[in-house]
Amino acid sequence: MSVATGGSEAAAAGGGGGGRVFFQSPRGGGGGGGGSSREEAVAAAAQVQQRRHQQGKVTVKYDRKELRKRLVLEEWIVEQLGQLYGCEEEEMPDVEIDIDDLLDAANEEERALKLQETLVDCYKPTEEFIKELLTRIRGMRKLSPPQKKSI
């Protein structure tokens, strides 16, 4: 089965619109009447819709609200690190704060300890930053790969 679009096929098929899609039966096959071509068109449309649905299943979907919260937090962290180190992001020493790693920690004290170890080279006081960061991540969830939704 092939798909044809455009004005010349539309005019030949009896339709007037230029942006319409018509399904044509393969040449040399099926010598049915007018009713079977309608059935074939419906079946083809259903097949195209099914392919689109299958493509949609493959698409990864995360919780947008959680992603937005994470992005806002990461932007805040970069801004605060810039203030703590007194430089722009490009000039900042290699400091990596892994939010998921912090969320894996057993308690607040362990999280604070991890942050203190990460910020050991910072010459400015980090206590307020750590306290505020721990407050901001409270209630957040780890970003894990999305689970497949069954149909």
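How many of the residues in segment 83-98 are of a type in the set (A, V, I, L, M, F, W, C) and either in contact with a Gly (Cβ under 7 Å, 6 or more places away or on another chain) or not in a loop (DSSP other than H, G, I, E, B) (or both)?
Total meeting the criteria: 2.
Can you pull out every residue in segment 40-82 that is open to solvent by 100 Å² or more (accessible area, probe 1.4 Å), under 29 Å from L133 (Cα atoms) and either at pLDDT 75 or above or in a helix (DSSP H, G or I) (or both)? Don't jump to the end; show me each part of the working.
Filtering segment 40-82 down to residues open to solvent by 100 Å² or more (accessible area, probe 1.4 Å) leaves 49-52, 55, 57-58, 61-62, 64-65, 68, 75, 79.
Subsequent filtering for residues that are under 29 Å from L133 (Cα atoms) retains 61-62, 64-65, 68, 75, 79.
Matches in segment 40-82: R64, K65, R68, E75, E79.
The values are calculated or read from the model by the stated rules, or taken from the named source; none is laboratory data. These numbers come from a predicted model, not from an experiment. So basically every Cβ, Gly included, is an ideal-geometry build from the backbone, and we count neighbours across all protein chains shown. The area values use the complete protein model at the heavy-atom level, side chains included, leaving out ligands, DNA and RNA. Shrake-Rupley method; radii C 1.70, N 1.55, O 1.52, S 1.80 Å.
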